[in-house]
Amino acid sequence: MRKIFTYILALTFLGAAISFAESPVVNAKPSSGELINKSWAAHGKKDIEATFKYTQELIDLYKDEADKEEATLKALPKAKNEIEDVQVLNDVATAYFIQAESLMRQEKTGEAKKIFKLIINKYPFAQAWDPRGWFWSIKLASEQSVKKIETGSIEVEQKKKVSQLPTKVVLYDPGTEDIINYEKYGEFKNISTRDYKYIVKDQEGLIAAVGEGIYPNTSSVRWDPELKKAQKEKRLEGDIWDFSHSPDLEAAFLKWATASEPQGVRLFYTALILEKSGLIKQALKCYYSIVVHYPASYGWTYWHTPWYVGQAAIAKINFILRNNPQLGYKLEGADIKIINGYDNDVANDIAVTNPGKFVKSGKTDKVTTKPKQDLTKIIKRSGEGKVYAAKYENGDWQLVVEGSPYIIKGITYSPTKVGQSPDEGTQTSWMEDDFNQNGRADGPYDSYLDVDPRKTPTGDFKFMQSMGVNTIRLYHHPGKVDKKVLRDMYENYGIRVIMGDFLGKYALGSGAAWNPGTDYNNEEQKTKMIESVKGMVNEYKNEPFILFWLLGNENVYGYACNANTEPDAFFKFANEVAKIIKSIDPDHPVAICSGDILFLDKFGKDAPDIDIFGTNAYRGDYGFGRLWKSVKEEADRPAFITEFGCPAYAEGKTPEEGEDGQAAYHKASWENIEDNMAYSLGAGNAIGGVVFEWLDEWWKAYEPSIHDTKGLWAGPFPDGFMHEEWLGLASQGNGKESPFLRHLRKAYYTYQRLWR
């Protein structure tokens, strides 16, 4: 997601994208990456002469190579590493795109249209890197620009999607057992060690028990009569990943059950399809087979970071059992710890596995009793003032505010008027927006519900208060902060602020250029960042709305900084900054905003003075898995999710179904947070979370007056893609009454029930 207050991109580097390239190297022939970076910079500064100089130089030097790379492709590359393999193609097409955009700015629409059409026809598989963290299709962006030129309007009507009737999976061989007794068919050895293994002794018996598609039953699916039928109907043609979220569940099952993907990955997606088809018991068997046979298996995310399939399978099992109490089982003791699993190198990973056991569950299994008095004794306190983190005798953590436990029920609040965009330098501050000129901020005070015929000004602060929000997350830079608005938000609506400094992310506060970005070994840049933080703390430390301080925004992913290649330097510097904050303000603790649990072990070692571990995490509709336990093991801190969410749009679904999927995702996410709070049955260190986000922002797929539905990157969402413009719990309707109209989605009411 890579954005909180992302209008910073316009203020720090005008231009929609930069090349994902290394620092320029001085030689006779500049790299395409070097030239495209200079092109974007010139375009952002509106320096027309320099823009055409650098773009044309790039095209002249690399056009032939780009044409060759385009000729090797038959479809749009999907994985990040595959996209980067044709970087010259991407840079040349981007250079043409920049030229066309510049011509549009100069109102030379005929020339611009000619270049846009050249891109559409000649480079349909080229993609440009966005500094917010993904690649985007240059062809699609060009098509939108052509539409703007030809029609004089960028207004489009979103068609109502109608779901295709999914075909259900009907198993030819469902197996003979619902819950497999693996000890009956083999032997577990070295449980809870790195030498764990399961030895099959009765292969035929186990094959008969599990049923088709589940290891080691890899053959009976080939006897399924539906397989030949689907092949004859050509329903199995295409890339395996296109079947992951197909409405044709039968074809998807047959495709994945016979796929050549690594066994762990294959089993996970087979289980996912069985689950969608309502075959819950078969799905449980399939997920559990990963834990038993392939606990160390891994796949790769869109960002080319490891995804540990066995850990995800355990989380899925627990999620299914929690939501299907009629099954009468719980999975007890199951755990997979990946030693050395906090970086992107899988070569040295070691799995320590306990497969656990399915045991009968009772009605009282989820009931938690009030803790005994001796367990509420605080044995460690992070923070000296009215806000602090407390560790109890049983090892659990809570955030305490003015003597009472505080659960962060947070949301990212960054309402943007339809048509505004940081990429075009037109986005304004929500604290200052007053389009109806009544002397107060529009979103916080004058928004109204779409179902209200009188359009009664109510305001987002009131809507969020009614939802149960008690916290928003905010950064003190680079935009102006209006203290009066935040004071009113706290005093009249009970909403506090987690105040942050980007700590060099996006090169903010460090004085570094965007490329190569902030260097956490550079003393001059570190001094500037410290001054930025000190300025924040001194300015806001006595404000009653401050909850605590937050450092960074998933810096470990490395965009415009080197925390991904120098994690020790980054975390040691963050720790130094935390100590400085505490010397100025002992009343509020300090948290970090990391990226999932990347380099968590280094955080635990290098940053002992940071009180709270926060992280942006998008793991799917079953919660956050082993995250909480990992934080407790590696860092022993309270933890919260600084950013999580789900689009309300899903390809092939109706708007109502899209909202259902978003609401289900959020419900599962919050319940997982609750399950890991103090005195719960989980890790006991969760202190809440921050939903991303309050309101849809229409600029995130580049054309700010279109509510774009294209998926920007592959991920664990209802249709398999992140639709950046649809993350709000509230929408702006058709955009014609922006910035005032609000449609409250089903997820809003889900939180209203959960939080109030």
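The values are calculated or read from the model by the stated rules, or taken from the named source; none is laboratory data. Values in this document were obtained by computation on a predicted structure and should not be read as measured data. Here the Cβ is made from the backbone with ideal geometry for all residues, glycine too, and neighbour counts use every protein chain on show.
Things to note:
- Test result for ASN515, crowded, with 24+ Cβ neighbours inside 10 Å and closer than 30 Å to SER39 by Cα: no
- Any hit, segment 109-117, residues being buried (at least 17 other Cβ atoms within 10 Å of the Cβ) and part of a strand (DSSP E or B): no
- Those residues of segment 289-332 which are crowded, with 21+ Cβ neighbours inside 10 Å and in a loop (DSSP other than H, G, I, E, B), in sequence order: TYR294, PRO295, SER297
- ILE320 of a type outside the set (Asp, Glu), at pLDDT 95 or above and either under 29 Å from the mean Cα position of the chain (by Cα) or farther than 24 Å from LEU272 by Cβ (or both): yes
- A residue that is in contact with a Pro (Cβ under 9 Å, 6 or more places away or on another chain) and of a type outside the set (Phe, Trp, Tyr) occurs somewhere in segment 562-576.
- Checking PRO405 against (1) surrounded by fewer than 20 Cβ atoms within 10 Å (Cβ to Cβ); (2) more than 26 Å from the chain's Cα centre (by Cα); (3) not in a strand (DSSP E or B), the condition it does not meet: (3)
- Exactly one residue out of ALA714, ALA663, ALA668, ALA648 is in contact (Cβ under 8 Å) with a residue 60 or more places away in the chain and buried (at least 24 other Cβ atoms within 10 Å of the Cβ): that is ALA648.
- When restricted to residues that are outside any loop (DSSP other than H, G, I, E, B) and either under 21 Å from TYR287 (Cβ atoms) or acidic (Asp, Glu) (or both), segment 625-672 contains 19.
- Complete set of residues in segment 678-701 that are part of a loop (DSSP other than H, G, I, E, B), surrounded by 24 or more Cβ atoms within 10 Å (Cβ to Cβ) and touching a strand residue (DSSP E or B) at 6+ places or on another chain (Cβ under 7 Å): ALA678, ASN685, PHE692, TRP694, ASP696
- In segment 202-238, the residue that is surrounded by the most Cβ atoms within 10 Å (Cβ to Cβ) out of those that are touching a residue at least 40 places away in the same chain (Cβ under 8 Å) and among the β-branched types (Val, Ile, Thr) is ILE214.
- Qualifying residue in segment 270-282 (condition: at pLDDT 95 or above and in contact with a His (Cβ under 6 Å, 6 or more places away or on another chain)): no
- Looking across segment 227-236, the residues that are of a type in the set (A, V, I, L, M, F, W, C) and either within 19 Å of TYR649 (Cα to Cα) or in a helix (DSSP H, G or I) (or both) come down to LEU227, ALA230.
- Selection within segment 66-91 - loosely packed, with under 15 Cβ neighbours inside 10 Å, assigned to a helix (DSSP H, G or I) and among the charged types (D, E, K, R): ASP67, LYS68, GLU82
- One residue from GLY535, GLY552 being modelled with pLDDT of 95 or more and within 28 Å of the chain's Cα centre (by Cα): GLY552
- Search result, residues across segment 237-252 that are closer than 16 Å to GLY720 by Cα, of a type outside the set (Val, Ile, Thr) and assigned to a helix (DSSP H, G or I): TRP241, ASP242, PHE243, LEU249, ALA252
- Filtering segment 532-582 to residues that are in contact with a helix residue (DSSP H, G or I) (Cβ under 9 Å, 6 or more places away or on another chain), under 20 Å from ASP519 (Cα atoms) and part of a loop (DSSP other than H, G, I, E, B) leaves GLY552, ASN553, GLU554, TYR559, ALA560, ASN562, ALA563, ASN564.
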